[in-house]
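What follows is one structure encoded as structure tokens, with my remarks underneath.
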Amino acid sequence: MHPAYSVIFFTTSSGAGYGLLFLLAILGALGLLPAERWFGLAGFAIALGLISGGLLSSTFHLGHPERSWRAFSQWRSSWLSREGVLAVFTYVPSGVLAIGWIYFETTSSVWNLMAWLTAFFSVATVYSTAMIYASLKTIPQWHNGLVPPVFLFLALATGAVLLNFLMLAFGIWQAWAVMIAIAALLAALALKLKYWAFLNTRSREHTVESATGLKQFGNVRPLDPPHTAPNYLNKEMGYAIARRHSERLRRHVLTLCFITPALLLALILVLPGMFGLFAAGAAVIASATGVVIERWLLFADAEHVVNLYYGREAI
Amino acid sequence: MTTLPPATGKKLGLVIDLDICVGCHACAVSCKEWNTGGYSAPLSDIDAYGNDPHGPWLNRIHSFEAGDGTGGRTVHFPRSCLHCEEPDCVTVCPTGASYKRSEDGIVLVNPDTCIGCKLCSWACPYGAREYDQSHGVMKKCTLCVDRIYNDNLPEADRVPACVMACPTGARHFGDLGDPDSIVSKVVKEREGYDLLPELGYRPVNKYLPPRTREVDRSHAKPAGERPAQIDAVHAPTAVEKFFGWADRMLSD
Ligand code: SF4
Ligand code: SF4
């Protein structure tokens, strides 16, 4: 699949935003984070900023952005519609929670309920983003049970790295924050390794013979193309990355998205304070770069069955 | 509404006979001509006479080779929307612009409500949906919904443009939900089949397989029994050997 930059930016940016929002809400509700004005302001501004920036960018690739309100109507059947509806729902409890945290400096009573609702809707929104891809039977690399947990844990991990940076910046950092981030990074890493192993070993069950129904004559191969220049299908779905490039990029994801942030965060345990802040900042940059490459690769590795009509033998 | 109708009254669709299609592209051209002025209008072409011409066509004609030797075939293969009974292209649509009609099963895109998110084209296994860059909406085969019910046309012309245009009669149109219709009978008789059946989209359109031909082998002789003069003709002369040598030297 052709990696569309607006979608890559949207899923990674909103993923990190929802990850941070989820952690703020849960840790705030549990009283582990101080209900302090400036920390709250920075936290919610970054989380909601990343989410809103992502949502906005996802409308850039639409043919008719002015009609996007219509996308809220088909939540009965469409994961894309559900994602839109849930994203809007999330603004309500998170907005109320932000007011309590920033204005009244409290996360108890009604704000506590709002915090749990925020956490729930954050998870639900990221899950429905993932399901847009995981529900497509036409793309075997996406249509499997590993895609939703990969999205969820990457959102949590990138959000947790951001949280560490914020806590250090406000001088309220505690060791458990690093533990949470490292645990989330390791969980995401394990899922991603499992996903790549699945890609390497899965059987290619859709064939050109099944696509044309001509198996009875023997092996099928294209003779004349239907058109002489690439059409929309070739441009949108014909993108294929060479195996060796894919493997090289997987190594970059491994180092940037997982290993570097985990090591940098572990360093904070030894050297908090000013150095820790720099380490956390570097971890944020590494994980952001890594997750963008990861998302790019998720598209580049994905093969659409329509390519069976354009020369691929099996997908 | 993008939830699917529980059942459709009719199942209108096409039956494509791969045995007689000659790959002339007349159906595709006729489709483009009708539909660029019909329900899906316009079908905008970009750089139409330049180096990178592109734009939506609702029907594409592939040619494949299948098998080898005397049993091998060239098969011309028209590909368009199959008006599936369980089309994910409809259920993924966030706006309701994509829908399946309950009365006849035709799958349509409403060009006035489509936001051009392209997700439906990702959900179609058959590459039946092409995005119109200038119009900003998705285009697909309408089964010529604006012909088949059109009282302004003579009755004989109330069929899809592709079916009208096909010079060999390789395309048939009818109700595949009615077991007594001509199309249903021909599908039964010729063992018409679904494309990519394992995906479960249950296409309404069917393809009729190319017939296996009887090959007359009575004149063929095993290689050892070839008349001697044939080999003599094929033995290279000194001049041919020289040119062969020169060719090898120059191309190395
Ligand atoms: S062929 Fe594709 S566009 Fe047509 S109904 Fe089936 S899934 Fe939808
Ligand atoms: S491109 Fe249009 S028809 Fe297709 S899913 Fe998006 S809104 Fe629906």
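What are the ³J(HN,Hα) couplings of the range A:218-230, residue after residue, when phi is run through the Karplus curve with 6.51, -1.76, 1.60 and θ = phi - 60°? Round to Hz, x for glycine and proline.
x, 6, 10, 9, x, 10, 10, x, x, 8, 8, 10, x
Just to be sure I understand the model, the point goes 7 Å from the Cα along the line to the Cβ. What's the resulting residue A:263 to residue A:41 distance in nm?
Distance between the two pseudo-spin positions: 3.8 nm.
Which distance in nm do the two modelled labels at residue A:143 and residue A:56 give, with both placed 7 Å along the Cα-to-Cβ direction?
Result for the modelled spin labels: 3.7 nm.
Given a Förster radius of 30 Å and the C-beta distance between residue A:235 and residue A:205 as r, what FRET efficiency does 1/(1 + (r/R0)^6) yield to the nearest 0.05? Intermediate results must be reported in sequence, preceding the final value.
Numbers: r = 26 Å, r/R0 = 0.86.
In this case the efficiency is close to 0.70.
Quick one: compute the contact order of chain A, relative version, from alpha carbon pairs under 8 angstrom and 6+ residues apart, as a percent. The partial results should precede the final answer.
On the way: 456 pairs, mean separation 76.8, N = 315.
Dividing the mean separation by the residue count of chain A yields 24 percent.
Sort out for me the Cα centre separation of the range B:175-210 from the range B:55-105, rounded to whole Å.
The range B:175-210 and the range B:55-105 have Cα centres separated by 13 Å.
Given C-alpha coordinates of chain A, what is the ratio Rg to Rh with the Kirkwood estimate of Rh?
Numbers: Rg = 21.7 Å, Rh = 20.9 Å.
Rg/Rh: 1.04.
Once ligands and nucleic acids are excluded and a 1.4 Å probe is used, how much of residue A:14 is accessible, expressed in Å² to the nearest 10?
It works out to around 10 Å².
Once both axes come from the Cα atoms, what is the angle between helix B:238-251 and the longest principal axis of chain B, in degrees from 0 to 90, rounded to 10?
Rounded to the nearest ten degrees, it is 50.
For residue B:102 and residue A:183, FRET efficiency with R0 = 56 Å and r from the beta-carbon atoms, rounded to 0.05? Provide the component values of the computation, followed by the final result.
Numbers: r = 51 Å, r/R0 = 0.91.
Result of the calculation: an efficiency of 0.65.
I'd like the residues of the range B:169-205 whose 1.4 Å-probe accessible area shrinks by no less than 50 Å² going from the isolated chain to the full set of protein chains.
B:196, B:198, B:199
Given points 7 Å out from each Cα along the Cα-Cβ axis, report the residue A:271 to residue B:186 separation in nanometres with one decimal.
For the pair residue A:271/residue B:186, the computed spacing is 7.9 nm.
Considering only C-alpha atoms, what is the centroid distance from the range A:242-315 to the range A:53-86, in Å?
If we compute the Cα centre of each part, the gap is 27 Å.
Kyte-Doolittle cut-off 0.0, length cut-off 18 Å along the helix's own axis using Cα: show which whole DSSP H helices in chain A pass.
Working: long enough: A:5-29 (35 Å, 1.52); A:37-58 (31 Å, 1.33); A:79-99 (30 Å, 1.15); A:110-134 (36 Å, 1.26); A:147-169 (33 Å, 2.13); A:175-201 (39 Å, 1.55); A:274-300 (39 Å, 1.64).
TM-like helix candidates: A:5-29, A:37-58, A:79-99, A:110-134, A:147-169, A:175-201, A:274-300.
Could you work out the Rg to Rh ratio of the range B:12-208, with Rh taken as the Kirkwood radius (inverse of the mean 1/r over all Cα pairs)? Numbers along the way, then the final one.
Numbers: Rg = 16.7 Å, Rh = 17.4 Å.
So for the range B:12-208, dividing Rg by the Kirkwood Rh gives 0.96.
With a 1.4 Å probe and every protein chain left in place, work out the accessible area per residue of chain A in Å², rounded to a whole number. Write out the running numbers ahead of the final one.
On the way: 12870 Å² over 315 residues.
For chain A, the solvent-accessible area averages 41 Å² per residue.
Shielding of B:123-133 by partners, i.e. mean partner chain Cβ atoms within 10 Å per residue? Don't jump to the answer; show the numbers that get you there.
On the way: counts 8, 6, 11, 6, 16, 2, 3, 4, 6, 2, 2.
What the average comes to for B:123-133 is 6.
What value, in deg cm²/dmol to 500, does the helix sum -39500 (n - 2.57) over DSSP H runs of n ≥ 4 give at 222 nm once divided by the residues of the protein assembly as shown? Each step should come with its number before you reach the end.
Numbers: 19 runs with 261 residues, N = 567.
The helix-only estimate for the protein assembly as shown comes to -15000 deg cm²/dmol at 222 nm.
Based on the mean of other Cβ atoms within 10 Å per residue, sort peptides B:172-182, B:65-75, A:94-104 so the most packed one is first.
Numbers: B:172-182: 17.0, B:65-75: 15.5, A:94-104: 19.5.
Result, highest mean first: A:94-104, B:172-182, B:65-75.
For the range B:117-122, take each phi angle, set θ = phi - 60°, evaluate the Karplus expression 6.51 cos²θ - 1.76 cosθ + 1.60, and give the result in whole Hz per residue in order, putting x for glycine and proline.
7, 6, 4, 4, 5, 5
Ignoring ligands, DNA and RNA, what percent of the 1.4 Å accessible area of chain A is carbon and sulfur? Before the final figure, lay out each step's value.
Numbers: 9120 of 12870 Å².
Carbon plus sulfur share of accessible area: 71 percent.
Against the empirical 2.2 N^0.38 Å scaling, what ratio does the C-alpha Rg of the range A:153-250 come to?
Details: Rg = 22.9 Å, N = 98, 2.2 N^0.38 = 12.6 Å.
Scaled against compact globular proteins, the figure is 1.82.
Sort A:310, B:126 by heavy-atom solvent-accessible area, probe 1.4 angstrom, most to least. Could you put the intermediate results ahead of the total?
Details: A:310 60, B:126 5 Å².
Largest to smallest exposure gives the sequence A:310, B:126.
Can you list the residues of the range B:1-39 that have at least 10 square angstrom less accessible area with all protein chains present than in their chain by itself, probe 1.4 Å?
B:1, B:2, B:3, B:25
May I ask for the accessible area buried between chains B and A, both sides summed, probe 1.4 Å, to the nearest 100 Å²?
The B and A chains share an interface burying roughly 4900 Å².
In the range B:12-208, what is the count of Lys pairs whose alpha carbons are under 16 Å apart, counting only pairs at least 8 residues apart or on separate chains? Numbers along the way, then the final one.
Values: B:32/B:139; B:32/B:140; B:100/B:139; B:100/B:140; B:118/B:139; B:118/B:140; B:185/B:206; B:188/B:206.
Lysine pairs meeting both conditions in the range B:12-208 amount to 8.
Please report, largest first and rounded to whole Å, the three semi-axes of the ellipsoid equivalent to the protein assembly as shown, where each semi-axis is the square root of five times an eigenvalue of the C-alpha gyration tensor. Working shown, then result.
Values: eigenvalues 584, 208, 70 Å².
After diagonalising the Cα gyration tensor, the semi-axes are 54, 32, 19 Å.
The values are calculated or read from the model by the stated rules, or taken from the named source; none is laboratory data. The shown structure was predicted, so the numbers you read here are calculated from the model rather than taken from an experiment. FYI the Cβ positions are ideal-geometry reconstructions off the backbone, even for glycines, and counts take in every protein chain you see. SASA here: full protein model, heavy atoms, side chains in, ligands and nucleic acids out. Shrake-Rupley method; radii C 1.70, N 1.55, O 1.52, S 1.80 Å.
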